Each structure stands twice: as C-alpha cells, then as structure tokens.
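Structure record follows, encoded as structure tokens.
The values are calculated or read from the model by the stated rules, or taken from the named source; none is laboratory data. None of these values were measured; they are calculated from a predicted model. So basically every Cβ, Gly included, is an ideal-geometry build from the backbone, and we count neighbours across all protein chains shown. Remember, those area values only see protein heavy atoms, side chains included, never the ligands or the DNA or RNA. Shrake-Rupley method; radii C 1.70, N 1.55, O 1.52, S 1.80 Å.
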Amino acid sequence: MVISYKFLDQRFIKLLFGLLILGLMPVVQAEDVMRFPAPEFDSNYTFPETWDLMDGRGNTIIQDTTPRDGQAPLPTSQTQQWIDVGVLTLALSLGAWLAVKRRSRRGLFWLMIFSLGYFGFYKEGCVCPIGSIQNVALSIFNSSYAAPITVVIFFVLPLAFALFFGRVFCASVCALGAIQDLVIWKPIQLPRKLTIALSMIPYVYIGGAILLAATNTGFIICRYDPFIGFFRLNGNAPYLYLGAGFLLAGMFIARPYCRFFCPYGVLLGLMSRFARWHLAITPTECVDCRLCEASCPFDYINKPNTGLEREERATGVRRLASLFLLLPLLVVLGGWVGHEMAPVMARYNNTVFLAEQITAEKADPTMKASLETTTFRSMGIAEEQLMAEATKIRSQMNMGGWLLGGFLGLVFSLKLINTSLIRDQKDYEVDKPHCFSCGRCCSYCPSDEMHMPNFKPGSKALEEALALGKPSEPEPETVSAMQKGKA
Amino acid sequence: MGDLNGPDKVSRIEFLRQGLSRLASVALGLVGGLAAFGSRRENTVWQIDPAKCVKCEHCSTDCVVAPSAVKCVQSYPICGYCRYCFGYFHPHYDELTSAAENQLCPTDAIERVFVEDPYWEYNIEMDKCIGCAKCVKACEDFGNASFYLQVNHEICVNCNNCSIAMQCPSDAWDRVPYDEPYRLKHEPRQVAELSFESPGKK
C-alpha cells in the first residue's frame, strides 16, 4: 500500500501513530525526507523569529520570508582572542619589569591579583598556556587538527619570557598559580628526598599529556585541571574536591600544583635556567646575612655550602661514574616500562576502547551491548575499519610508550647525577630553573636600597629578620609571621 | 667558576651554558615555528553534527556548564506543525493537553501554541531546555526530525577539551571554524512517499 501524505489531515496522522504502536513499521525511513508535509496555512502565519533561521553571521537563510531579527548567538569574538594575547604580552612584560628591575613584591602581587581576575574568573581559565601544550602537540603530530594561531602564541610567549627573564609567568600571570599563592598560610619545608621524588611527576604528566594529545586521545591536562571549576564557579564534584584538596594542602605546602604537577613548569624550567636577566635576591653583592634564608615558601633559595665538610674526591668520582653507567640502563628500563604501559594508555583512546568492547562482546554473547557498541553498529561502519584504526593507535602508543619511558628514565638519571654533584655555592641565590620570580625574598635583602625602610631600627621586618638570623633553625611560627607580614 | 684561559676567554662552564641557552632558544623557535606554520588564523568552536547524533543524553549530563550549553533547536520550515506532536507528547499521554503527565519533555521546555486547525506551533524555551534530546529522538523516529541538538554559543565556554565530546559515542562532536559555528537544519526537505507493509504479510 502506498500512501501519499499530501492530503492527509492530522486525525489520520494520529491513527497512523496508533498503527505504528501496533507494530506496523515504516519501511521507507530515510533521514533526508519529511514524513509529514509542511502545513499549508490559511491564516497569515509566518515562521517565528528565532535564531535557527539565521546563520552564525547574521545572514538570513530563508530568503522568501519576511526579514527577521533573530540571530544565532555568536561565540566569543575573534577580536577577544587577540585582546587576550595583548593582555598576556603586557602582563608578562610588566611582570618581567617588576621582578627583574623593580624587584617589587607588592607590584607582582597586584599583577597576580589582576591576572587571577582576568585570566581566571573573567576568561574562565581557557585557553591557558598550560593546556596549550596539548593543542601544539596535536597540531604538530596530527594533520587533521590545526591549532589557532592565538593558542600557539599563548604557548610560546611565556616560554620566550622565561628564556630571558625567568618564570615571570608563574609569579604574576598564571591564574592557577595565583589562586594557590593566595592561600599560602603556614608553609612547611618538605624533606629534600621527597621533593626530588615529587618533582618527577611533572615530567610524567607532560610526557603523558603530549602522547595522549598527539594520538588524539584526549587533553588530560584540561580534563584534570583542579582549579577551572572555581574559575567557572561551576563544575563536576570530583574535580571541585580535587581543587579544594589542592588549596587545602596549599596552605601548608606552598603552590603544590605548580611545584609537583604543572607540566608547563617543566618547559618553563628548561628555559628559565638560561635566563640572562633573572630576578635576584640581592641587587648588589650578597653579604651572606641569612636574612632571606627562610623567606621563600617554595624552598627555592640555594644556600651557601662553602663551610661544609666535603667528601673525598675519589668517592665522588666513583659515584658519578656508576651513575653515568646507570643512565643507559635506566633509559632502556624506562622505555620497556613505557612499552608495557602502552596498552593501558591505549585503552584511554575512544577508538581502541570501542574496538576492545566490540571484541569482548563478540567473545561473550551474553554480555549486554554498551551504548558505544550499539551506536557503532547503528552507524554502519565496517568493523575491519575500526579494528585497523585501533591497531594503528595501539602501535603509535607502543612507540610513544618507548619514547616516553626512555625520556623519563633519562630525566630520572639526570636528576640523580644532578643531586650527587655538589657545586660551590658561595652566596644566597635563587634556584633559577624553579624560582617563580614572586619577589618575596627581595624585600629581605638589606643590601637593597629600595627595601631599606624595612630595616630601620625597631621595624617589624627587622625584628622578624633578626629572629630568623639566630643560629638555630627558624621556628615555623616565625616563618608564618614573616609570611603574614608579606601578604 | 672554571678555569680562565685568558682575559677575553669565557670559562668552560659559561661556554657550555651559552651553548645550551642557544639550543633552548632554537628548540623553542622550532617548536613554536612548527606549530605556527601548521596553525590556523581563526579560532575553532565546538559543534554537534545532527546527522551523526544518536540522542544518547550525554549532552545533558556531561557539560561543565549546568544546565548544559547544548540545546534543542526547532526548525520551523521542517516542522509538520502536528496536532499530535511526537516530540511534545509522552507516548502514554492521557489527553492532548499541556499537563505535565502528557509531556515528553522533563522540564516543560517546549511551548505548544495553537495556530489554526489542525496546526500547532512548538517552540523551545532555551532557558528551560537541558539538551536531553528526548524530544529530538521522538521527532526523528516518528516525525519530521525538525528538533535537533546544537551548542548554544552564548552559553558554551568553549573548553579546550570539551567534556561532552570526550563521551560522545558517535563522534558527532567536532571543532568547527569560528565563522561557521552552527550546523543548522533549514532546508525544507522533500516530502516522503511512505509505503507501509505489515510485518505479518512478509
């Protein structure tokens, strides 16, 4: 029976629906045809003024009807992206000037507050240089994706500044850093071994993030961003708890995300260790007065070691030689572990996961089909195509696993070598690869004319500094008093 | 630091440092240049391809914005203006009224307005819609498929990593150029010549 719908009224349509429920199914059921004809109105009905009749640029799509003013809402304007680039450049320049030239903690603090407001709460944290690592990685390794030029600039600019002026981005531009900096309350000093172990995490994080982004698996840095929920004032509970956890820990362990997780920090550290004009504790010559010693809540001040007893030269050489021998072993071992981990990482990829589910469901017919497999089967794509795609991603992951593991092995052994090398340290200096250039230490230097008022007899800063200068280790309370004084 | 071999010679460590410093700038320039070379001038935004969408309801549950930035859109030129709208009425309705128990939409986001006998207009109230796609599915299964899902860019914060796109089972989400942020259905399509066969007769 062939029915032409042209002349049917709605009553028949209802009857038809009844028939459908009774089990009569339409055989011709194509996507691109209308089941019911467009109504022929007797009244002067016109389509309502809604934005779906307009394209995104405000052009009317339906030409034969009266002009409408409804328009599909546009995304944030393109100009806004360039304004953000401008603000980033200005903030970085100002930060560099405040840190290197002015040495002003107060200025850096207010710049940090501005950045928290602008890049954090106003821009709602996206796109940030930390996340842009993944866009750049995906863009380089995957030809189907091209990162917007503004995102590439967001990635490069802070690194370029770090290469010349140190990590001024961390101190005063990064919103994630700012929100943690504000909650520093009673910072404690972590054991050195623990900090060295923890500082491996960012390498794992950035390596994993690049691998997963390059294989188009996902952007884990963005996914597990602990603070973005706060910036949006909206988010899923687990991530908000994660963020709250970081902030709570951050009261005692200053800037925990920056120090022990931030993947971008790895790149910034690589650049800032060569910074020619880095923030320095003293503008002139260090007199080793120890006043700045406990001023860094992040423990990034290198202390003089000239008075310490040195080990025998032969012992040092032997240890260094064995560490250098260990290096290739660690690289190969790391590579092997990475290769072993590859199947686990591959499962994070939707295509591989789907392929595995399909295989599992085939093997066990009693298994309930998941939404993903049902969808896949309904789309009519050949299973072989999916399996081939999955195999390709698995082999990419395998290769990536070797590289990532080898890289981590190399980093770990270099860290071991670096730890075992004892360099002459005469003065109090900032730890250039790690220092955030926050400027807290600057105001503790009595050689700095600008901060001389801090050291007038009877001033609070001087009393604190004198208390710190006592031969015993400073009490945590005193450190906190100093922190309060600074904030 | 290190041995100085002459007044204008740099120490070995300083030489190494300078070399590494140049290496760092070259590496940065290389990565930046490579990324910039393959980059696009325009930004991208997220959008749904209605042709691929399977109405799985992830859009209503996985968005970082609450309620979701995904909204149902009504295409009037496609709509049949049915008195019995499959997207509006629950299959187990009691009568064709707007009483809650008769409606398919869980949030009363569809407005039903009488036009003329026998036509009714259906409007989506954006601020009520949660993007669950229940009406979209019903309209596509039984009607003209004039309801479909789109990302409303007024609400979408354009996350670098869209959390719905991560969960989408049918790959219906992708990045589209900023200039063309929507995939709108607007062409009235050919009227179907449907043939019905009873399964019993087969």
For this session: Could you pull out the residue among B:Asp62, B:Asp94 that is touching a helix residue (DSSP H, G or I) at 6+ places or on another chain (Cβ under 8 Å), acidic (Asp, Glu) and over 19 Å from B:Cys156 (Cβ atoms)?
Result: B:Asp94
Exercise. Pick from B:Ala145, B:Ala66, B:Ala100: which is within 13 Å of chain A (Cβ to nearest Cβ), without any contact (Cβ under 8 Å) to a residue 60 or more places away in the chain, over 17 Å from B:Gln47 (Cα atoms) and among the aliphatic types (A, V, I, L, M)?
Worked result: B:Ala66
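What are the residues in segment A:98-118 that are in contact with an Asp or Glu (Cβ under 8 Å, 6 or more places away or on another chain) and at pLDDT 95 or above, if any? Break it down into steps so the answer makes sense when it comes.
Going residue by residue through segment A:98-118, those that are in contact with an Asp or Glu (Cβ under 8 Å, 6 or more places away or on another chain) are A:103, A:112.
Passing the criteria: only A:Met112.
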Problem set entry | Only one of A:Gly166, A:Gly86 that is farther than 18 Å from A:Asp225 by Cα and away from every other protein chain (no Cβ under 14 Å) | A:Gly86
Exercise. In segment A:92-112, what count of residues is obtained for those that are surrounded by fewer than 20 Cβ atoms within 10 Å (Cβ to Cβ) and out of contact with any helix residue (DSSP H, G or I) (no Cβ under 7 Å at 6 or more places or on another chain)?
Worked result: 6
For this session: Answer with yes or no whether A:Lys193 is touching a residue at least 24 places away in the same chain (Cβ under 8 Å), out of contact with any Cys (no Cβ under 8 Å at 6 or more places or on another chain) and among the basic types (Lys, Arg).
Result: no
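State all residues of segment A:230-248 that are buried (at least 16 other Cβ atoms within 10 Å of the Cβ) and free of Cβ contacts under 8 Å to residues at least 24 places away in the same chain; if no residue qualifies, say none.
Listed by number, the residues that qualify are A:Gly235, A:Tyr239, A:Leu240, A:Leu242, A:Gly243.
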Seminar exercise, completed: Of the residues in segment B:172-181 that are modelled with pLDDT under 90 and at the interface with another protein chain (Cβ under 8 Å from one of its Cβ atoms), the one that is least open to solvent (accessible area, probe 1.4 Å) is B:Pro181
Exercise. So which residues in segment B:84-97 are open to solvent by less than 20 Å² (accessible area, probe 1.4 Å) and either within 10 Å of chain A (Cβ to nearest Cβ) or without any contact (Cβ under 8 Å) to a residue 60 or more places away in the chain (or both)?
Worked result: B:Tyr84, B:Cys85, B:Phe86, B:Tyr88, B:Phe89
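Just checking, which of A:Asp288, A:Asp225 is on the phi < 0 side of the Ramachandran plot, of a type in the set (Asp, Glu), in the same structural domain as A:Cys442 (by TED's automatic domain parsing) and not in a helix (DSSP H, G or I)? Reasoning before the result, please.
Values: A:Asp288 fails: on the phi < 0 side of the Ramachandran plot.
After applying the criteria, what remains is A:Asp225.
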For this session: Output the residues belonging to segment B:34-73 that are open to solvent by less than 10 Å² (accessible area, probe 1.4 Å) and over 12 Å from the mean Cα position of the chain (by Cα).
Result: B:Ala35
Problem set entry | Within segment B:50-161, strands (runs of 3 or more DSSP E) holding 2 or more residues that are more than 26 Å from A:Pro75 (Cα to Cα) | B:110-116, B:119-124
For this session: Residues being aliphatic (A, V, I, L, M) and at pLDDT below 90: count how many of those fall in segment A:372-388.
Result: 2
Exercise. Restricting attention to segment B:24-43, does a residue exist that is basic (Lys, Arg) and at pLDDT below 85?
Worked result: yes
For this session: Kindly list, by first and then second residue, each pair from a residue in segment A:69-91 that is surrounded by fewer than 17 Cβ atoms within 10 Å (Cβ to Cβ) to a residue that is assigned to a helix (DSSP H, G or I) and at pLDDT below 80, limited to pairs with Cβ atoms under 7 Å and residues at least 6 apart or on different chains.
Result: A:Gly70/A:Trp51; A:Gly70/A:Leu53; A:Pro73/A:Trp51
Problem set entry | From the options A:Arg319, A:Arg276, residue that is under 28 Å from A:Gly409 (Cβ atoms) and open to solvent by 60 Å² or more (accessible area, probe 1.4 Å) | A:Arg319
Problem set entry | Checking B:Tyr81 against (1) at pLDDT 90 or above; (2) at the interface with another protein chain (Cβ under 7 Å from one of its Cβ atoms); (3) crowded, with 20+ Cβ neighbours inside 10 Å; (4) touching a helix residue (DSSP H, G or I) at 6+ places or on another chain (Cβ under 6 Å), the condition it does not meet | (4)
